[in-house]
Amino acid sequence: MARWRWLERPGQIEALLAHPDVAVEELIRFTSPVRLAGGSLLLANRWAGLEVAAGSQVFVHIDEANRDVRRWPDGDSLDLTRRGPGI
């Protein structure tokens, strides 16, 4: 799927060719090969003021974290020249 994302934005082909390492990292961030991870809590924990009991099933939307505007300004857009945190 990632290979088609940059084709939707043909103005970035030059960026892909000029700096493929940066472009690949951005494609991975944008398309997120891992979308969801989950497991069971071994110990009780507190998240955002909510008590979560040991043994509770929890899920993390990794693809949403890759769009977090606190880390990725304009995270919903693909920018093959992006050199941000984590890249």
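We did not get these values from a lab; they are worked out from the coordinates using the rules stated. Keep in mind that this is a model prediction, so the values were computed, not measured. Glycine gets a Cβ as well: all are built from the backbone with ideal geometry, and neighbour counts include every protein chain shown.
Brief remarks follow.
- Backbone N atoms of the stretch 50-87 closer than 15 Å to the 7 Å Cα→Cβ label point of SER40 belong to residues 53-59.
- Degrees, to the nearest 10: 20-31 long Cα axis against longest axis of the chain: 40
- Mean projected area in nm² (Cα convex hull; one quarter of hull surface) for the chain: 6.7
- Charge context of ASP63, other residues only, Cβ under 10 angstrom, K/R +1, D/E -1: +2
- Relative contact order (%) - the chain, alpha-carbon pairs under 8 angstrom, separation at least six: 33
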